[in-house]
């Protein structure tokens, strides 16, 4: 059954009006999604007003900073608004946040990367991890490059891809590079004695993350529970 929150023009709240927040707003305008709330750091300090503002939305998207992520979840739980959380660097609190969302009957979708290409790369690496134990002489390493303002290293995406390789039986060292304005590049190298296999993904523009987060937000309306991008793409349990 379709709930009231999935009828009509989608109403979106954006938490964090930095570069990613502005990209989300631009993507929403292109896709006919109404942005009914724009909350930045100063706005969420007035909790009562922030909760009331968020209550006008069907779903919220947050790209803020690691230390604000748990508070963003709490704010949306209080407002009763499903949240798509694109912030990384907070996963030490993941179990506690999942339990809190479940206990309060809330809705959360989190991902370290909302690129569909990264989702494809993850699926490819999971298959490679199944095959590598049968191959001798292949070492695996990873490098990830981001802009100088990115705080967490390794990136959440690099850790996601490393987890995809967990079944390979190989240690996967990660080299993190912070330089310039690079939106994101991840490369996994499987190096053999006489050959090398490289799987890589490069984001050309931050819009790819904004568009993926918006796709996830539209999918999330009317649902409850804790989800990841695998659920949106039908990859969970595949």
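The values are calculated or read from the model by the stated rules, or taken from the named source; none is laboratory data. The shown structure was predicted, so the numbers you read here are calculated from the model rather than taken from an experiment. Cβ atoms come from the backbone with ideal geometry, glycine included; neighbour counts cover every protein chain shown.
Listed here are the residues, each with its yes/no results for (1) within 30 Å of residue 11 (Cα to Cα); (2) touching a residue at least 60 places away in the same chain (Cβ under 8 Å); (3) surrounded by fewer than 18 Cβ atoms within 10 Å (Cβ to Cβ).
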position: 144; (1), (2), (3): no, no, no
position: 162; (1), (2), (3): no, no, no
position: 171; (1), (2), (3): no, no, yes
position: 182; (1), (2), (3): no, no, yes
position: 194; (1), (2), (3): no, no, yes
position: 203; (1), (2), (3): yes, yes, no
position: 217; (1), (2), (3): yes, yes, no
position: 234; (1), (2), (3): yes, no, yes
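Selection within segment 19-45: residues that are touching a residue at least 40 places away in the same chain (Cβ under 8 Å) and buried (at least 17 other Cβ atoms within 10 Å of the Cβ). The member of this set that is nearest to residue 223 (Cα to Cα) is 33.
The combined condition, being out of contact with any strand residue (DSSP E or B) (no Cβ under 9 Å at 6 or more places or on another chain), on the phi < 0 side of the Ramachandran plot and either at pLDDT below 95 or assigned by TED's automatic domain parsing to the domain that holds residue 96 (or both), is fulfilled by residue 215.
Considering only residues in segment 87-113 that are modelled with pLDDT under 95 and surrounded by 13 or more Cβ atoms within 10 Å (Cβ to Cβ), the one that is farthest from residue 151 (Cα to Cα) turns out to be 111.
Every condition in (1) out of contact with any strand residue (DSSP E or B) (no Cβ under 6 Å at 6 or more places or on another chain); (2) surrounded by fewer than 18 Cβ atoms within 10 Å (Cβ to Cβ); (3) closer than 28 Å to residue 234 by Cβ is met by residue 48 except one, and the failing one is (3). Restricted to strands (runs of 3 or more DSSP E) entirely inside segment 33-147, those with at least 3 residues that are assigned by TED's automatic domain parsing to the domain that holds residue 220 are 34-39, 59-62, 83-85, 107-110.
Of the strands (runs of 3 or more DSSP E) lying entirely inside segment 159-238, those carrying at least 1 residues that are farther than 26 Å from residue 25 by Cα are 174-178, 185-191, 196-202.
Only one entry in 140, 198, 148 is loosely packed, with under 12 Cβ neighbours inside 10 Å and farther than 30 Å from residue 68 by Cα, namely 198. Would you check if there is a residue in segment 55-77 being over 21 Å from residue 231 (Cβ atoms), in contact with a strand residue (DSSP E or B) (Cβ under 7 Å, 6 or more places away or on another chain) and surrounded by fewer than 23 Cβ atoms within 10 Å (Cβ to Cβ)? Yes, the conditions are met somewhere in segment 55-77. Residues that are without any contact (Cβ under 8 Å) to a residue 40 or more places away in the chain and either closer than 13 Å to residue 183 by Cα or not assigned by TED's automatic domain parsing to the domain that holds residue 186 (or both) within segment 148-160 comprise 148, 149, 150, listed in sequence order.
State whether one or more residues within segment 169-183 are under 29 Å from residue 74 (Cβ atoms) and in contact with a helix residue (DSSP H, G or I) (Cβ under 6 Å, 6 or more places away or on another chain). Taking every residue of segment 169-183 in turn, none turns out to be under 29 Å from residue 74 (Cβ atoms) and in contact with a helix residue (DSSP H, G or I) (Cβ under 6 Å, 6 or more places away or on another chain).
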